[in-house]
Amino acid sequence: MEYLIILISAIFVNNIVLTQFLGICPFLGVSKKISTSLGMGAAVIFVITLATIVTWLIQHYLLNPFNLGFLQTIAFILVIAALVQMVEIILKKISPSLYAALGVFLPLITTNCAVLGVAILVIQKDFGLLEGTIYALSNGVGFTLALVIFAGLREQLALADVPKGMQGVPIALVTAGILAMAFMGFAGLV
């Protein structure tokens, strides 16, 4: 039951993008097409989960035993950067079209504060490895869900008659705010 609560809470109630405002750059930048959003979401799910597992192990088996907690942020950033490079190489070989579609946003996963934020939150919340992994996976799914919903809304907005002064980024920000308010409706769920 505890794992289900972590899952539902991370995806809906405390969505990493819409309620904690982490990962806004790729949320706004990659959300113009659903297909690109799905690819970015899959990459973020993979990186955020793997990064959390590796950073949890580093924290508990290297930093804590040797009293090196002050190196947490630097160590976590290095791990995330290495993992993103690995994902970039794999995507380039497996799916060149997705790699090309993601363009500059794939390296941005390195600086996506959602990935670093989840890794740090797992340590702060004192989760075990399994709980932390479920939390990270759920946050990745929540990120992807928000990204895909927002991409669908933006595709519909491209067809709508939007006033000239609101076209582009302004209407996207208003739409993101309304989507965030919709997700706040899940607040009493868990």
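Short version: ³J(HN,Hα) in whole Hz for each residue of region 154-165, in order, from phi by Karplus 6.51 cos²θ - 1.76 cosθ + 1.60 (θ = phi - 60°), x for Gly and Pro, what are they?
5, 5, 5, 5, 5, 8, 7, 8, 9, x, 3, x
Note the angle between two axes, namely the Cα long axis of helix 34-58 and the longest principal axis of the Cα atoms of the chain, as a number of degrees from 0 to 90, rounded to the nearest 10.
Value to nearest ten degrees: 10.
Using a simple charge model, +1 on the beta-carbon of Lys and Arg, -1 on the beta-carbon of Asp and Glu, nothing else, what dipole does region 1-129 show about its Cα centre, in debye to the nearest 20? List each step's numbers first, then the result.
Details: 5 positive and 3 negative charges, 79 e Å.
Value, rounded to 20: 380 debye.
Evaluate E = 1/(1 + (r/R0)^6) for Gln85 and Leu129, where r is the Cβ-Cβ distance and R0 equals 30 Å; express this FRET efficiency to the nearest 0.05. Spell out each step's value before the answer.
On the way: r = 24 Å, r/R0 = 0.80.
The formula returns an efficiency of 0.80 here.
Can you sort Ser37, Ser95 by solvent-accessible area, 1.4 Å probe, largest first? Before the final figure, lay out the partial values.
Values: Ser37 0, Ser95 30 Å².
Descending accessible area places them as Ser95, Ser37.
Could you tell me the accessible area of Lys92 in Å² (1.4 Å probe, neighbours in place), rounded to the nearest ten?
Rounded to the nearest 10, that gives 120 Å².
Ordered by residue, what ³J(HN,Hα) values in Hz, to whole numbers, does region 11-22 give under the Karplus form 6.51 cos²θ - 1.76 cosθ + 1.60, where θ = phi - 60° and Gly and Pro are x?
7, 9, 6, 10, 3, 4, 8, 8, 10, 9, 6, 9
What list of ³J(HN,Hα) values in whole Hz, one per residue of region 129-142 in order, does the Karplus curve 6.51 cos²θ - 1.76 cosθ + 1.60 (θ = phi - 60°) give from phi, with Gly and Pro shown as x?
My calculation for region 129-142 gives 5, 5, 4, x, 5, 5, 4, 5, 4, 5, 5, x, 5, x Hz in order.
Once a ≥ b ≥ c are taken as the square roots of the eigenvalues of the Cα gyration tensor of region 68-190, is the result rounded (a/c under 1.5), prolate (a/b larger than b/c) or oblate (a/b not larger than b/c)?
On the way: a/c = 2.27, a/b = 1.37, b/c = 1.65.
Oblate is the answer for region 68-190, as a/c is 1.5 or above yet b/c matches or exceeds a/b.
Determine, for each peptide in 16-25, 166-175, the mean count of other beta carbons within 10 angstrom over its residues, then list the peptides with the highest first. Working shown, then result.
Details: 16-25: 20.7, 166-175: 13.7.
By packing density, highest mean first, the sequence is 16-25, 166-175.
How many angstrom lie between the C-alpha centres of region 1-72 and region 152-185?
A separation of 25 Å, based on Cα centres.
Under 24 Å from the Cα of Lys164, which lysines turn up, not counting those fewer than eight places away in the same chain?
In chain and number order, the partners are Lys32, Lys33.
The values are calculated or read from the model by the stated rules, or taken from the named source; none is laboratory data. What you see is a predicted model; the values in this text were computed from it and never measured. Cβ: placed from backbone, ideal geometry, glycine included. Neighbour counts: every protein chain shown. Side chains included, ligands, DNA and RNA excluded: accessible areas come from the protein's heavy atoms. Shrake-Rupley method; radii C 1.70, N 1.55, O 1.52, S 1.80 Å.
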